[in-house]
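Enquirer: For reference, the structure I am asking about is given below.
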Amino acid sequence: MKTIMITGATSGFGEATARLFAKNGWKLILTGRRKARLEHLQDELGGVSNVHICCFDIGHRQAVEQAIYSLPDTFSKIDLLLNNAGLALGLEPADETNLDDWDQMVNTNIKGLMYCTRTVLPIMKQLGQGYIINIGSVAGNWPYPGGNVYCASKAFVRQFSLAIRADLLGSGIRVTNIEPGNAETEFSDVRFNQDKQRADKVYQNTVALTAQDIAETIYWLANTPAHMNVTIMEIMPTQQATGPLAIYRE
Ligand code: NDP
Ligand code: 8X3
């Protein structure tokens with residue numbers, strides 16, 4: 001029985017992935033800050049023998065280490081780490097943004113992902129195999145107004161994924177960066193501080209990706225042969241594309 005550790009399993013991509021992998025017989029380590037949601041998922045997806053939950057803020061290094069070092073024996077062999085927890089806060093131009101929001105995006109999207117990776121890698125190295133799937137974003141490739149630190153944090157995720165692959169050559173450990181475009185989850189509720197009307201507009205009159213689309217992609221990747229590494233995977237809705245470069249005119 002294989003084990004997947006999913007950061008940010010309480011909603012969106014992480015929750016859909018937890019459901020899909022549970023359905024296919026995997027054991028789950030689920031993390032997030034919302035304890036009630038984690039407990040609900042544990043009950044629903046197989047109870048304590050199949051689902052281990054860890055409630056912590058991923059930006060706190062000691063909390064990450066404590067959670068991983070204290071895994072029960074039956075969950076300690078992690079086959080797949082899904083570094084998914086992340087968020088965007090605000091869409092203001094760089095000179096107007098809230099520095100606390102910038103700190104939180106860096107702490108979660110960059111530092112949290114670093115801490116989980118660094119803590120889990122020795123386990124995989126010892127096993128001589130493993131798979132790290134990072135959730136980047138199109139925002140890491142295609143900057144947009146108001147994206148500032150969010151875009152930069154996802155560019156970090158892309159380059160970090162590529163760089164650790166270089167370190168891991170010969171280890172049997174695979175690394176993929178998935179870069180989704182517009183997907184309907186709680187992402188925009190969080191970005192716009194629970195302003196539902198503003199969040200809903202992001203998905204109005206278009207067909208966005210779903211959390212299930214991304215979960216199925218992750219499941220497909222997990223089942224590719226061990227000799228094959230999909231390095232980068234950018235996925236947009238059909239109804240999304242890049243725009244032209246902007247020109248300011250007097
Ligand atoms: P959701 O808001 O639905 O899910 C985000 C998850 O991250 C939640 O489970 C949340 O759990 C967790 N999380 C956020 N901050 C922390 C923290 N400090 N500590 C621990 N967990 C945290 O959004 P998505 O499912 O859409 O987002 C998942 C990932 O996908 C993110 O990295 C996002 O940047 C990325 N992404 C999203 C896209 C989209 O359009 N939706 C497109 C491209 C990438 P909790 O609140 O319980 O802590
Ligand atoms: C989420 C997609 O375009 O809103 O990463 O930044 S976008």
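Enquirer: Computed over the Cα atoms of the range 95-179, what is the ratio Rg over Rh, Rh following Kirkwood?
Expert: 1.05
Enquirer: Using the Karplus equation 6.51 cos²θ - 1.76 cosθ + 1.60 (θ = phi - 60°), what ³J(HN,Hα) coupling, rounded to whole Hz, does each residue of the range 170-177 give in order, writing x for Gly and Pro?
Expert: Karplus values, whole Hz, x for Gly and Pro: x, 8, x, 8, 9, 9, 10, 10.
Enquirer: If you don't mind, another one. Would you kindly work out the equivalent ellipsoid of the range 26-122 from its C-alpha gyration tensor and give its semi-axes, the square roots of five times the eigenvalues, largest first in whole Å?
Expert: 28, 16, 10
Enquirer: How big is the Rg/Rh ratio for the range 159-219, C-alpha atoms only, Rh by Kirkwood, two decimals?
Expert: Dividing the radius of gyration by the Kirkwood radius yields 1.16.
Enquirer: Select from PHE21, GLN239, LEU169 the residue farthest towards the positive end of the dipole of the chain; place +1 on Cβ of Lys and Arg, -1 on Cβ of Asp and Glu, and compute about the Cα centre.
Expert: Projecting each Cα onto the dipole axis, the largest value belongs to LEU169.
Enquirer: What Kirkwood hydrodynamic radius do you get for the range 128-235 when you take the inverse of the mean 1/r over all pairs of distinct Cα atoms, in Å?
Expert: One decimal place: 15.2 Å for the Kirkwood radius.
Enquirer: Residue-wise, which Karplus ³J(HN,Hα) couplings in Hz belong to the range 17-25, taking 6.51 cos²θ - 1.76 cosθ + 1.60, θ = phi - 60°, and x for glycine or proline?
Expert: For the range 17-25, the Karplus curve yields 5, 4, 4, 5, 5, 4, 4, 9, x Hz.
Enquirer: Here's a follow-up. May I ask for the net charge around LEU168, where only other residues with Cβ less than 10 Å from the Cβ of LEU168 are counted and Lys, Arg are +1 while Asp, Glu are -1?
Expert: Cβ neighbours under 10 Å give a net charge of +2.
Enquirer: Which whole-number percentage describes the relative contact order of the chain, with Cα contacts under 8 Å and a sequence gap of 6 or more?
Expert: Relative contact order for the chain comes out at 20 percent.
Enquirer: Compute from the Cα atoms of the range 1-82 the Rg and the Dmax, the latter being the longest Cα-Cα distance, and quote both in angstrom.
Expert: 11.3, 32
Enquirer: Mind listing the long-range amide H neighbours of THR3? Cut-off is under 5 Å, sequence gap 5 or more, other chains count too, H placed in the peptide plane at 1.01 Å from N.
Expert: Long-range HN contacts for THR3: LYS27, ASP79, LEU80.
Enquirer: Taking only DSSP H segments of four or more residues, each worth -39500 (n - 2.57), what value at 222 nm results for the chain once the sum is divided by all its residues, to the nearest 500 deg cm²/dmol?
Expert: Rounded to the nearest 500, the figure is -11500 deg cm²/dmol.
Enquirer: With a 1.4 Å probe and every protein chain kept in, tell me what percent of the accessible surface of the chain is carbon plus sulfur.
Expert: 51
Enquirer: Over 30 Å between C-alpha atoms is what I'm after, so list which of LYS27/LYS196; LYS23/LYS125; LYS23/LYS201; LYS2/LYS111; LYS77/LYS154 land there.
Expert: Violating the 30 Å Cα-Cα cut-off are LYS27/LYS196; LYS23/LYS201.
Enquirer: Over its Cα atoms, what ratio of radius of gyration to 2.2 N^0.38 Å does the chain give?
Expert: 1.00
Enquirer: By how many degrees, 0 to 90 and rounded to 10, does the Cα axis of helix 148-168 deviate from the longest principal axis of the chain?
Expert: For helix 148-168, the angle is close to 40 degrees.
Enquirer: Kindly report the accessible area of the chain per residue (heavy atoms of protein chains, probe 1.4 Å, no ligands, DNA or RNA), in Å².
Expert: About 52 Å² of surface per residue is accessible.
Enquirer: A further question on this structure: Let me check against my output: what whole-number percent is the relative contact order of the range 1-62, with C-alpha pairs under 8 Å and at least 6 apart?
Expert: Contact order relative to length: 32 percent.
Enquirer: Considering the Cα trace of the range 54-200, what is its radius of gyration and what is Dmax, both in angstroms?
Expert: 16.3, 50
Enquirer: While we're on this one: When ranked by the protection proxy of mean other Cβ atoms within 10 Å per residue, highest first, what sequence do the peptides 211-224, 72-85 form?
Expert: Sorting 211-224, 72-85 by mean packing, highest first, produces 72-85, 211-224.
The values are calculated or read from the model by the stated rules, or taken from the named source; none is laboratory data. These numbers come from a predicted model, not from an experiment. Counting neighbours? That spans all protein chains shown, and the Cβs are built from the backbone with ideal geometry, glycine included. Side chains included, ligands, DNA and RNA excluded: accessible areas come from the protein's heavy atoms. Shrake-Rupley method; radii C 1.70, N 1.55, O 1.52, S 1.80 Å.
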